[in-house]
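Worksheet: one structure, shown below.
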Amino acid sequence: SKIQSMLKLQEQTDFEGEANAAAKMIDKLCKQYGITVQEASAPFAKDEEFGTFKRMDNAYAILLNSVAKFYDAKLYFKTDYNRGVKTYNIIGTEAQQIQTRLYFEFLYEQMERECELAYKAEKVIADLQGNKLQRSFRTNFKKAFANQVNVRLLAMKVDRESSEADAEAVKKKLQTMQLRTSKKLTNGQGEGAFAGVKSGSNVSLNRQTSGRKQMSLGGAS
């Protein structure tokens with residue numbers, strides 16, 4: 001990390017003295033850690049906390065896991081006994097961490113919005129018929145939505161050009177860790193699930209930002 005910071009400084013600075021100082025520091029650090037500049041320039045995976053929870057939100061976890069896998073990153077759950085919470089942690093390079101956070105936030109906002117629209121529409125119908133919606137409508141919708149998006153991302157991943165260097169960095173990081181068996185995340189069933197599947201099948205996976213070019217899950221355009 002230190003060497004990569006010095007390499008960026010050396011590349012970006014317009015001052016010869018600063019560039020020379022960075023070069024000397026790079027040489028010193030490489031000798032200190034017994035690595036080459038090429039090895040230091042390779043991507044390395046970090047283990048970063050993504051969010052906290054006390055009771056897991058299945059839809060949130062399914063969606064986050066789907067996006068992380070799409071970018072060859074790794075999601076796992078960790079217990080922080082000091083704070084009395086559990087955390088969503090992502091193992092990935094800097095690029096993977098940024099991509100995962102950006103597109104997860106976009107898709108999560110989509111899911112929340114579509115869920116509220118579906119709930120309001122179904123509630124109007126239920127009220128007219130003298131019925132009540134199940135309390136689990138939103139939960140079932142979101143889990144079904146997230147699972148459907150996961151199916152679509154898996155299909156898209158087949159045609160996506162992945163970064164072998166980033167994937168290898170994650171693999172190396174995982175080899176230094178001991179993670180338990182993956183937790184099984186349940187799908188949505190019951191009232192709301194059908195609407196969630198339909199919405200998850202049709203929702204756009206392209207991220208739009210006002211005043212900027214369109215960005216898709218495959219990368220920036």
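The values are calculated or read from the model by the stated rules, or taken from the named source; none is laboratory data. Computed from a predicted model, the values in this text were never measured in an experiment. Cβ atoms come from the backbone with ideal geometry, glycine included; neighbour counts cover every protein chain shown. We work out accessible area using only protein heavy atoms, side chains counted, and drop any ligands, DNA or RNA first. Shrake-Rupley method; radii C 1.70, N 1.55, O 1.52, S 1.80 Å.
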Using alpha-carbon coordinates, inclination of helix 137-158 to the longest axis of the chain, degrees: 50
Longest exposed-site-free window of the chain, the sites being chymotrypsin sites (Phe, Trp or Tyr not before Pro) in a DSSP loop that have at most 10 other C-beta atoms within 10 Å: 82-221
Magnitude of the charge dipole, the range 4-102, Cβ model with Lys/Arg +1 and Asp/Glu -1, debye to 20: 620
Neighbourhood net charge (14 Å Cβ-Cβ; Lys/Arg +1, Asp/Glu -1) for Q32: +2
The range 67-168: GluC sites (Glu not before Pro) in DSSP loop, at most 12 other beta carbons within 10 Å: E161
Options (1) 138; (2) 128; (3) 171 - which one matches volume of the Cα convex hull per residue in Å³ as calculated here: (3)
Shape category assigned to the range 103-204 from the gyration tensor of Cα positions, a/c cut at 1.5: prolate
Percent breakdown of C-alpha pair distances by 5 Å bin, ordered from the shortest bin, for the range 8-54: 5, 17, 19, 17, 14, 9, 7, 6, 4, 2, 0
About the Cα centre, charge dipole magnitude for the chain (Lys/Arg +1, Asp/Glu -1 at Cβ), debye: 1000
The range 47-126: trypsin sites (Lys or Arg not before Pro) in DSSP loop, at most 12 other beta carbons within 10 Å: K54, R55, R83
Whole-angstrom gap from the range 4-43 to the range 78-92, using each part's C-alpha centre: 33
Cross-link partners of K46 among aspartates and glutamates (Cα-Cα below 15 Å; sequence separation of 8 or more within a chain): D72, E94, D166, E168
Links that overshoot a 26 Å alpha carbon limit, given the list K54/K172; K173/K198; K8/K173; K74/K143: K54/K172; K173/K198
Calculated diffusion of the range 36-147, Stokes-Einstein form, Kirkwood radius summed over Cα pairs, 20 °C and 1.002 mPa s, µm²/s: 133
Distance in nm between pseudo-label sites at S1 and T79 (7 Å out along the Cβ direction from Cα): 2.7
The range 1-142, accessible area per residue, ligands and nucleic acids excluded (1.4 Å, Å²): 61
Test item: Cα-centred dipole of the range 1-62, Lys/Arg +1 and Asp/Glu -1 on Cβ, debye: 280
Reachable lysines from K31, criterion Cα separation under 17 angstrom, eight or more residues apart if same chain: K2
Positive-end extreme of charge dipole, the chain - chosen from A22, T100, L117 (charges on Cβ): L117
